[in-house]
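This report concerns only the one structure given below.
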Amino acid sequence: MKTRGCCASICQCFFEYSTPKILVIRSFKVGTLNRITQALVIAYVIGYVCVLNKGYQDTDAVLSSVTTKVKGIALTNTSDLGLRIWDVADYVIPPQVSPIRIEDESPDASDCLPSGVQTGKCVKYSAVDKTCEVLAWCPLELDKEPPNPPMLADAENFTVLIKNSIRYPKFNFNKRNILPYVNKTYLEQCVFNRITDPDCPIFRLKDMVTEANEDFQTMAVHGGVMGVQIRWECDLDMPSSWCVPRYTFRRLDNKDPVNNVAPGYNFRFAKYYKNGNNEETRTLIKGFGIRFDVMVFGQAGKFNIVPTLLNVGAGLALLGLVTVVCDWIVLTCMTKKNIYNEEKYSYVDDFQLLSNETP
Amino acid sequence: MKTRGCCASICQCFFEYSTPKILVIRSFKVGTLNRITQALVIAYVIGYVCVLNKGYQDTDAVLSSVTTKVKGIALTNTSDLGLRIWDVADYVIPPQVSPIRIEDESPDASDCLPSGVQTGKCVKYSAVDKTCEVLAWCPLELDKEPPNPPMLADAENFTVLIKNSIRYPKFNFNKRNILPYVNKTYLEQCVFNRITDPDCPIFRLKDMVTEANEDFQTMAVHGGVMGVQIRWECDLDMPSSWCVPRYTFRRLDNKDPVNNVAPGYNFRFAKYYKNGNNEETRTLIKGFGIRFDVMVFGQAGKFNIVPTLLNVGAGLALLGLVTVVCDWIVLTCMTKKNIYNEEKYSYVDDFQLLSNETP
Amino acid sequence: MKTRGCCASICQCFFEYSTPKILVIRSFKVGTLNRITQALVIAYVIGYVCVLNKGYQDTDAVLSSVTTKVKGIALTNTSDLGLRIWDVADYVIPPQVSPIRIEDESPDASDCLPSGVQTGKCVKYSAVDKTCEVLAWCPLELDKEPPNPPMLADAENFTVLIKNSIRYPKFNFNKRNILPYVNKTYLEQCVFNRITDPDCPIFRLKDMVTEANEDFQTMAVHGGVMGVQIRWECDLDMPSSWCVPRYTFRRLDNKDPVNNVAPGYNFRFAKYYKNGNNEETRTLIKGFGIRFDVMVFGQAGKFNIVPTLLNVGAGLALLGLVTVVCDWIVLTCMTKKNIYNEEKYSYVDDFQLLSNETP
């Protein structure tokens, strides 16, 4: 009998529907206040969160692979090296790593300055002076200023083809920066231009530097690092053809003249030879170059029910806040607040019993 | 006396508990509707958000470091180079940068074609013809088709050991792709196979290309870029041994025959020599190679109270939506809606006073 | 007349304000319970979500570019190579790619061991033995143990200048790891030290290895991979000068002696020469080196209204949970629960009509 009663009670509970009792206040002022506040919250949730911030989308970060190919031939004529021709294999170091470097040679020094490892011996430096013996590659490197104008001044007209393949793994979406409509004919003659050719993946070095508000010839003297930023901001609820790369260029190293520490970009490398006697010799090159770092970033969004309902839920909760605000105004500021208070609140007073309950 | 009254009022307010007055409707239909809607929301919140999407977890993106080591020896026999042996130092360019390139030499051209810098002089080209003088490395490069079959056809059996160390900085979690149970003996003889050896970090080049539905020999002719994708999707609430890398392979460059712009992958580099007269010479190599880009991605999740309560909160707010839906059905569609309406709503009517309040 | 009635009905509905009817229970116990629970939820939302987890901020991941420059000269004296000096151009391979490698040469082997491509011919190996003919570069590489002590023991005192430029694209915020107050004088003499010089971007190799709890000399024998982790955790609501890099160092390759598969870090590369007869020769070098991988990570946060309201909304929804918990306690555990129940709940019972409604 008892379990049956319990069962019945659970059943009864299951078939109950609890809904709060509502006091409806019919008033121009209160009604208008209420509707305006509700409209604001709803407009915010729908307009700002859902439409502008795309709160209904799941997002994924981009996975990227970049290959580059530089084209261009330059001619230099210096007293050290004589007339010399430079092509891709000479000036791109190292060959085909994504950051492109266009280097500029500073020829070997010809005087032995003491900058090697000291052997501890004291040797005659000239007829009069003595100096500490130093073991080093000979002749030593002369830390002189880089040539100005830079040797590879012509490099400003070099072009670089940047091939960028991206992937959004969460959405299994792949795309390349050579867009479908770009054909071979166009690619053979186009050069990137923000207005006329925004989708051409071939960039003239000078254009890139100019877009970053720098001067190529000035920058080439001490070298520098340029960031080629490729942004893929994709809304995958839209046609995939709308998902296109945006290119921006920025100088990454400091050129602040006031606090100019470690300016520019240079690096040393050597070419090794063996002479007739099988002795190893090397040509040490201090290259002042411009390094182009290709940085790919971006985010793709696609409709997903989880963030949508997360935002809707939070929006609904904010709608609850409307009641709190309106209640406060209605029950404290309105002329008829006493009537509203009486109708809204019922009281169960426990305080008479307090002396009995607490020790 | 007055401050004391104020204090008492605040105290009284503090010890008040406000709870909404509830109308309970006991009805099979309404109760069932209510419970089903509630069950749906709860099932969504718990099942989809929490379990499937792991809404209770904080996430972190992977930090990764990759080193690679290629093994293999190939033999070529061409009219240009004669019988020649290739080992790792010859075909991996540059040595030990993460993207691996297996290159394929196209030997120097032997005719002087005009593709350098024009000097402006007009010189005799043959007994009859004249041409513009060009300053360039001599002999000039001949832009001929890459050899087919590719010179390094044997490279398909080369293997590459990929060592990948990852870190989830937020959770201070480190792991390597050489899993703890992999011992030296196994590593010396294993080759990755999706079914039999899914954890072996040694990959045969041909297998990688085949998994991407490409043919190694075809691809090797013009070169290409292969993506080796390592996915680390880790649930750090589970044993860390469950956090293992998943390897997939994908061709990153375009091979679409219709819109085939800038196909394949090739690059030029030079080896420099000095001859007996101390003159610099170089061997220019146009390598058609396959570049392997190792791309590591993934996300780790671990229980965190903040996203949990964010999702629970949003879920609760959605439960509030249930009342709205049920109320609407109950108060407009049910036969006894008038009774429910009367019981649920009380009215305070302000409209009689409107003519007095508004001007 | 009817449309006008409809209009009026809509108007009336528009100027209605619905507010739930509230039962206020005045009781020490219930009131205190209510306030404590509310305080907990509010404290959690404000303290933990908003302050500690900065739930009011939108976040962005870091974009980074790194250049490095190694300084140092070492001297080696081995029987193979004789007295030899090493400078940056010799030991940094490849020149100026972000991962720095300090390599250590193992000289060529001098015995022809069979590890090339077998020609299929059988040739005399000595007066007695025969062996399979092998085509390979001659002499073959001898797979001997790396020299110990390592040849470039002096490299521990080399320093590396790490220039790191970061960007948070969403907030258009750029910064470099050479902080504004660092001047040229300081940069010329400083070396990173976690306590005295935490902002100096010049690192002594030994210090980096020591910070990772490794011994440079031991590590240099078989080589290894060191992670230079630069963490940019930036609160962009604060002055941008508070956004500074934090450097940590970690060994990335396994050195677990029990499961020591593929230990250390080594790679092969070759220098190519042409001898007097225009034949190509090469010096094969197996370098045991320490590779330094610079890994930049971090997250920037800045106030944004969307995540703020998302968290506030979820917090409000959690406040709704307080009522549920308190109701349950009040209506089941309190001595006067019957009075509360009566006051809170009204009932509309539908069950009498059930037999009529259901078939």
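Taking a threshold of 25 Å on the Cα-Cα distance, which of the pairs B:Lys175/C:Lys54; B:Lys69/C:Lys71; C:Lys54/C:Lys175; B:Lys71/C:Lys206; C:Lys71/C:Lys184; A:Lys302/B:Lys206 fall above it? Walk me through the numbers on the way to the answer.
Details: B:Lys175/C:Lys54 29 Å; B:Lys69/C:Lys71 28 Å; C:Lys54/C:Lys175 22 Å; B:Lys71/C:Lys206 32 Å; C:Lys71/C:Lys184 17 Å; A:Lys302/B:Lys206 35 Å.
Going by Cα-Cα distance, B:Lys175/C:Lys54; B:Lys69/C:Lys71; B:Lys71/C:Lys206; A:Lys302/B:Lys206 fall outside the 25 Å limit.
Write out the chymotrypsin sites (Phe, Trp or Tyr not before Pro) in the range C:167-208 meeting two conditions: DSSP loop, and at most 10 other Cβ atoms within 10 Å of their Cβ.
Values: sites: C:Phe171, C:Phe173, C:Tyr181, C:Tyr186, C:Phe192, C:Phe203; in loops: C:Tyr181, C:Phe192.
Sites meeting the loop and neighbour criteria: C:Tyr181.
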Checklist entry - Across peptide C:180-187, how many C-beta atoms of other chains are within 10 Å of each residue C-beta, on average? => result 3
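Could you please report the charge total around B:Gln57, scoring K, R as +1 and D, E as -1 over all other residues with beta-carbon less than 13 angstrom from its beta-carbon? Provide the component values of the computation, followed by the final result.
Details: positive: B:Lys54, B:Lys170, B:Lys302; negative: B:Asp58, B:Asp60, B:Glu233, B:Asp235, B:Asp237.
After counting each charged neighbour, the total is -2.
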Item to check | Loss of accessible area when A meets C, both sides summed, Å² nearest 100, probe 1.4 Å | outcome: 6700
Checklist entry - Which residues of the range C:22-43 bury at least 30 Å² of accessible area once all protein chains are present, versus their chain alone (1.4 Å probe)? => result C:Ile22, C:Leu23, C:Val24, C:Ile25, C:Arg26, C:Ser27, C:Phe28, C:Asn34, C:Arg35
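Write down the accessible area per residue of the range A:149-218 in Å², having rolled a 1.4 Å probe over the full set of protein chains.
On the way: 3200 Å² over 70 residues.
I get 46 Å² per residue for this part.
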Next on the checklist: Taking A:Ala8 in one copy and the same position in all the others, each labelled 7 Å out along Cα→Cβ, what are the pairwise distances from the first, in nm, shortest first?
Outcome noted: 4.9, 4.9
Next on the checklist: Treating the point 7 Å from Cα along Cα-beta-carbon as the label, what are the nm separations from C:Tyr44 to the other copies, to one decimal?
Outcome noted: 2.3, 2.3
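Largest first, what is the accessible-area ranking of C:Lys184, C:Lys344 with a 1.4 Å probe? Intermediate results must be reported in sequence, preceding the final value.
Numbers: C:Lys184 110, C:Lys344 5 Å².
Highest to lowest solvent-accessible surface, that is C:Lys184, C:Lys344.
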Checklist entry - Which distances, in nm and shortest first, link the B:Gln189 label point to the same label point in every other copy, taking 7 Å along Cα→Cβ? => result 6.3, 6.3
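From largest accessible area down, sort B:Leu318, C:Leu316, C:Leu40; use a 1.4 Å probe on the protein chains. Please report the intermediate quantities before stating the final value.
Values: B:Leu318 15, C:Leu316 45, C:Leu40 115 Å².
Ranked list, largest accessible area first: C:Leu40, C:Leu316, B:Leu318.
State in Å² the accessible area per residue of the range C:4-63; use a 1.4 Å probe, count heavy atoms of protein chains only, and round to the nearest integer.
Details: 3080 Å² over 60 residues.
Ligands and nucleic acids excluded, the result is 51 Å² per residue.
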Checklist entry - So if R0 is 25 Å, what FRET efficiency would B:Cys190 and B:Thr210 give, r being the distance between their Cβ atoms, rounded to the nearest 0.05? => result 0.90
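Express the carbon and sulfur contribution to the solvent-accessible surface of the range C:154-210 as a percent, rounded to the nearest whole number, probe 1.4 angstrom.
52
The values are calculated or read from the model by the stated rules, or taken from the named source; none is laboratory data. Everything numeric here is computed off the predicted structure, so don't read it as measured data. Please note: Cβ atoms are built from the backbone with ideal geometry, for glycine as well, and neighbour counts cover all protein chains shown. Ligands, DNA and RNA are excluded from the accessible area calculation, which covers all protein heavy atoms including side chains. Shrake-Rupley method; radii C 1.70, N 1.55, O 1.52, S 1.80 Å.
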